[in-house]
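Asks: Here it is, the structure, as structure tokens.
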Amino acid sequence: MSVAAYKRTISHTEAPRQIERRILAQVTSELEQQFEAFDKAERKLDRLQVLAGGLRDSLWKNQMVWLTFKMDLVEQNNGLNPDLRASILSLAAWVEKQTQGVLSGEKSVKPLIDINRSIIDGLSGRSAEAAE
């Protein structure tokens, strides 16, 4: 099956919310596999090596997911209520800033994972409190 046919099949069998949850879960899993080595590294050089070893690619994928969320949220026909849209847009801006801090070796990856997990829970229909 070609990639295009696979994408068509997914778009016909999964709701947009399910697709968003699945993609965000995939990228979050990648971040989870790499964050400890980065967050526990004491030297900036060690953090930069973890970035070069694959974390940078995972951060880029996460940024693309959040950029896609932003693009969808600013569309006039977006069905979310304005307050929720504004909140998620605010989170997207925070994710950008946090990611830049991680890329510079100054910030932690764990808060990005925590935000993603909260959104995954929301997309799954569970509140963060109920998931704990």
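The values are calculated or read from the model by the stated rules, or taken from the named source; none is laboratory data. Everything numeric in this text was worked out from a predicted model, so none of it was measured. Note that each Cβ is placed from the backbone with ideal geometry, even for glycine, and that neighbours are counted across all protein chains shown.
Asks: Please return the ranges of helices (runs of 4 or more DSSP H) entirely within segment 1-119 where 3 or more residues are at pLDDT 95 or above.
Replies: Values: elements: 3-13, 16-40, 44-50, 56-73, 82-103.
In segment 1-119, 16-40, 56-73, 82-103 are the helices (runs of 4 or more DSSP H) which contain 3 or more residues that are at pLDDT 95 or above.
Asks: Separate question: Where the second residue is in a helix (DSSP H, G or I) and the first is among the charged types (D, E, K, R) and lies in segment 17-43, which pairs have Cβ atoms under 7 Å and are six or more apart or on separate chains?
Replies: Once the first residue is among the charged types (D, E, K, R) and sits in segment 17-43, its partners that are in a helix (DSSP H, G or I) give R17/L123; E20/L123; R21/I120; R21/L123; E30/S58; E30/K61; E32/I113; D39/K110.
Asks: Take segment 47-73 and flag every residue that is small (G, A, S) and crowded, with 16+ Cβ neighbours inside 10 Å. Walk me through how you get there before you give the answer.
Replies: At the first step, the residues of segment 47-73 found to be small (G, A, S) are 52-54, 58.
Scanning segment 47-73 gives a single hit, S58.
Asks: If you go through segment 107-121 one residue at a time, how many are touching a residue at least 40 places away in the same chain (Cβ under 8 Å) and of a type outside the set (S, T, N, Q)? Steps first, answer last, please.
Replies: Narrowing segment 107-121 to residues touching a residue at least 40 places away in the same chain (Cβ under 8 Å): 108-110, 112-113, 116-117, 119-120.
Right, trim to of a type outside the set (S, T, N, Q) and you get 109-110, 112-113, 117, 119-120.
Matching residues across segment 107-121 total 7.
Asks: Inside segment 41-99, can you point out the residues that are more than 18 Å from P111 (Cα to Cα) and of a type in the set (S, T, N, Q)?
Replies: Selection gives Q49, T68, Q76, N77, N78, N81.
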